[in-house]
Amino acid sequence: TVAMLVASLLIVFFKTATAVRVPTLRLVSTGRAPILELPAACHFHAFISHAWGTGQDQTHTVVRRLQLLLPGVRIWLDVDNLEDVGKLEESVADANTFLVFLSAGYFKSFNCRRELYAALGKDRPFIPIFEADVAKGGASIEALKAECRENCVEVAPPAYPSYHGPDEMLARVFEEAKPIVWVRVNIFQLVSRKAVGLRRLRHSPYCARRPAELEAGVMVPGEAGPCAFSGPVPILACRDTEGAIGIARERK
């Protein structure tokens, strides 16, 4: 019993110490943490929509990591907040922005389409996040667009009776803002999380009143910054790695 108690205390201490060291998002212009103001009509900063079969694990990671990066951010997530699947439209309306986690089969899901139509109906800002790894449930952008054209064909959906068909959905999901690639390697994943955080902040009432504060972007204390070489350096590129030669030539 004593050993178990000691082990439990050590685990709590380790998690607390780790949490204290987790870097959080800062505004480059002020060096301060952003103010996470909400519109009076909303209780959540974002609603995250995903396909359970191919995006559930990744989505939960996205939310937990964003909550660490932006302490105090409130993101509607099914495992935390879903009480009645019949009230999905109300939940979308209760959030300031709409995160779309794009993975294979997303547009085939009836409930995901319900959420999409609800976001369109309430004119919520879309923030698409793209799962690029096919082995983890991802698909190419072209495959996802084809899936959207095939499935987002409802006529006058209840949440958005003025829906004009797949072209409208494609424009909002893929063309209004380029989907943010979700990367798993921690140092690169930070870039993905910062991009999601910055887009969400652009739709914050506080930042909307002070757009100049976001012009310089966001940063995380201690992250790697721009660097330069003092002289010419050789670049080695593998011809079997798709795109490597092109990137090497761009760096010349």
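Some notes on this structure:
- Accessible area (Å², 1.4 Å probe, nearest 10) - HIS164: 150
- Region 104-167: C-alpha gyration tensor shape, a/c 1.5 cut-off, then a/b vs b/c: prolate
- Kirkwood-Stokes translational diffusion coefficient of region 178-252, alpha-carbon pairs, 25 °C, 0.890 mPa s, µm²/s: 157
- Prolate/oblate/rounded call for region 32-107, Cα gyration tensor, a/c under 1.5 rounded: oblate
- Theoretical FRET efficiency, 1/(1+(r/R0)^6), r = Cβ-Cβ of ILE141 and ILE11, R0 35 Å, to 0.05: 0.25
- Membrane-span-like helices of the chain, defined as complete DSSP H segments with a Cα extent of 18 Å or more along the helix axis and a mean Kyte hydropathy of at least -1.0, are identified as 2-21, 52-69, 186-202.
- Value of relative contact order over region 60-189, rounded to a whole percent, pairs C-alpha under 8 Å and six or more apart: 23
- Rounded if a/c under 1.5, otherwise prolate or oblate - region 108-252, Cα gyration tensor axes: oblate
- Fluctuation leader among GLY138, GLY225, GLY53 - the chain, Gaussian network, Cα springs under 10 angstrom: GLY225
- A helix-only calculation puts the chain at -12500 deg cm²/dmol for mean residue ellipticity at 222 nm, using -39500 (n - 2.57) for each DSSP H run of at least four residues, averaged over all residues.
- Reachable aspartates and glutamates from LYS108, criterion Cα separation under 13 angstrom, eight or more residues apart if same chain: GLU147, GLU150, GLU154
- Where N is the number of residues in the chain, Cα Rg divided by 2.2 N^0.38 Å: 1.15
- Contact order normalised by residue count of the chain, Cα under 8 Å, 6+ apart, percent: 23
- For SER49, the residues whose modelled amide H falls within less than 5 Å of its own, excluding neighbours fewer than 5 places apart on the same chain, are LEU99, VAL100, PHE101.
- Within the listed set PRO226, PRO39, PRO23, the residue fluctuating most in the Gaussian network model of the chain (springs between alpha-carbon atoms under 10 angstrom) is PRO226.
- GNM top mover of ALA40, ALA51, ALA237 - the chain, alpha-carbon springs below 10 Å: ALA237
The values are calculated or read from the model by the stated rules, or taken from the named source; none is laboratory data. Keep in mind the model is a prediction, meaning the values are calculated, not measured. Please note: Cβ atoms are built from the backbone with ideal geometry, for glycine as well, and neighbour counts cover all protein chains shown. SASA here: full protein model, heavy atoms, side chains in, ligands and nucleic acids out. Shrake-Rupley method; radii C 1.70, N 1.55, O 1.52, S 1.80 Å.
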